[in-house]
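So the structure is just underneath, and the comments pick up after that.
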Amino acid sequence: MIYQCIGERSEKPYIIKDTGTGIYSFEELLYYIRENVFMLDEKDFGSPLARFLRKRLSLPDLASRYEDMLERHSDFADRICMLFSETHFVTDSELETLKKALQLGEHMSNNDSHRVRGDFYFKSGRIPEAVIEYTAALKTINREEDPVDAAKLLKGMGNASAESFKFDRAFEYYEEAFALVPGDPDLLNKLIVSARLSMNDREFSAYMDKRNVPDNIRSSCLERMNEAGRRARRKDDGRRLQESEERKKEGDYPGYTSLRHSVLNDWKTRYRNKG
């Protein structure tokens, strides 16, 4: 897709304080809004944005219209949609969907807002910030009244813990979540995997028996876990073989030979263990 750019590219970015993102052009601004529609904080889109449009991007007419809407206290969704109406960045139907999403976000509960932000940070690899958002929501939610929403937050905490290799903590969060929504198959899978990674063989077997997890579900989950491990090993093997070729090209034959032998020995070990 090709877009016709309007305005200039700023040498200094406009900072979206809520996420620390730097914006240098009008198209970057629209892209950020479209991709993070449920993450937007209205405080980031006040009069400083109008000044940025006017002074940094050389869009005085657009800045004036935006300032006029601010003075008239126009809805946040209307102000954002006005910006999109200046380009063909989205279709009319996409713009309508965007407006509905913005209006929904305005009425989103505090817990939902924290969860959405937590999910955004987690997907962006910003684990500590994700944990802060999930924790903030968990402090106020009533688990008995909103078990599904509470389970989503606990699942998010479990995912963040697993991403940080804290599998025992992840197991605790998944177990809490599964107790609230015991029919969730994805949570059951995560529970089994985190249990396997945080327990020895005897403990894991006893826990599976205590949970009455059917053998077919247990085997299926562990097989997916083993396959993920195999893919990771193959990826690491490929990386090391590629590195060995690069060393060979550089004339580092001892390094080339060492890496090749290392991969070969790993293959032999896996074959013996499998046998």
Suppose we keep only residues that are small (G, A, S) and either in a helix (DSSP H, G or I) or more than 24 Å from the chain's Cα centre (by Cα) (or both) within segment 1-53. Which one would you say is modelled with the lowest pLDDT? G7
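Among S47, S58, S10, S93, which is touching a residue at least 24 places away in the same chain (Cβ under 8 Å), over 29 Å from I127 (Cα atoms) and surrounded by fewer than 16 Cβ atoms within 10 Å (Cβ to Cβ)? Give the derivation first.
Details: S47 fails: touching a residue at least 24 places away in the same chain (Cβ under 8 Å); S10 fails: surrounded by fewer than 16 Cβ atoms within 10 Å (Cβ to Cβ); S93 fails: touching a residue at least 24 places away in the same chain (Cβ under 8 Å).
Result: S58 is the single residue among S47, S58, S10, S93 that is touching a residue at least 24 places away in the same chain (Cβ under 8 Å), over 29 Å from I127 (Cα atoms) and surrounded by fewer than 16 Cβ atoms within 10 Å (Cβ to Cβ).
Are any of the residues in segment 104-111 part of a helix (DSSP H, G or I), of a type in the set (D, E, K, R) and under 25 Å from the mean Cα position of the chain (by Cα)?
Let us first name the residues in segment 104-111 that are part of a helix (DSSP H, G or I), namely 104-106, 110-111.
Add one more test, that the residue is of a type in the set (D, E, K, R), and what stays is 106.
Pick out the ones that are also under 25 Å from the mean Cα position of the chain (by Cα) and you get 106.
Yes, the conditions are met somewhere in segment 104-111.
What do you reckon, is A160 under 21 Å from D186 (Cα atoms), in the same structural domain as A179 (by TED's automatic domain parsing), assigned to a helix (DSSP H, G or I) and out of contact with any Gly (no Cβ under 9 Å at 6 or more places or on another chain)? Give the steps one after another, and end with the answer.
On the way: under 21 Å from D186 (Cα atoms): yes; in the same structural domain as A179 (by TED's automatic domain parsing): yes; assigned to a helix (DSSP H, G or I): yes; out of contact with any Gly (no Cβ under 9 Å at 6 or more places or on another chain): no.
It is false that A160 is under 21 Å from D186 (Cα atoms), in the same structural domain as A179 (by TED's automatic domain parsing), assigned to a helix (DSSP H, G or I) and out of contact with any Gly (no Cβ under 9 Å at 6 or more places or on another chain).
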Find all pairs meeting these conditions: Cβ atoms under 6 angstrom apart; at least six residues apart or on different chains; first residue within segment 125-137 and under 17 Å from A170 (Cβ atoms); second residue assigned to a helix (DSSP H, G or I) and modelled with pLDDT of 90 or more. I127/A160; A130/A160; V131/A160; Y134/L153; Y134/G156; Y134/M157
Has segment 136-143 got at least one residue that is closer than 15 Å to H114 by Cβ and under 18 Å from the mean Cα position of the chain (by Cα)? yes
Apart from one, (1) assigned to a helix (DSSP H, G or I); (2) without any contact (Cβ under 8 Å) to a residue 40 or more places away in the chain; (3) buried (at least 18 other Cβ atoms within 10 Å of the Cβ) all hold for I141; the odd one out is (1)
Scan segment 54-97 residue by residue and report those that are hydrophobic (A, V, I, L, M, F, W, C), in a helix (DSSP H, G or I) and closer than 22 Å to G22 by Cα. L62, A63, F76, A77, I80, C81, M82, L83, F84
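Listed residues K100, K123; which is closer than 29 Å to K155 by Cα and assigned by TED's automatic domain parsing to the domain that holds M39?
Values: K123 fails: assigned by TED's automatic domain parsing to the domain that holds M39.
Just a single option satisfies the conditions, and that option is K100.
Collect the residues in segment 162-188 that are small (G, A, S), modelled with pLDDT of 90 or more and closer than 15 Å to S198 by Cα, keeping them in residue-number order. Before the answer, list the steps.
Here is the first cut: in segment 162-188, the ones small (G, A, S) are 162, 164, 170, 177, 179, 183.
Keeping just the survivors that are modelled with pLDDT of 90 or more gives 170, 177, 179.
Hit for segment 162-188 is A170, nothing else.
The values are calculated or read from the model by the stated rules, or taken from the named source; none is laboratory data. Keep in mind it's a predicted model, so treat the numbers as computed, not measured. Note: ideal-geometry Cβ built from the backbone for every residue, glycine included; neighbour counts use all protein chains shown.
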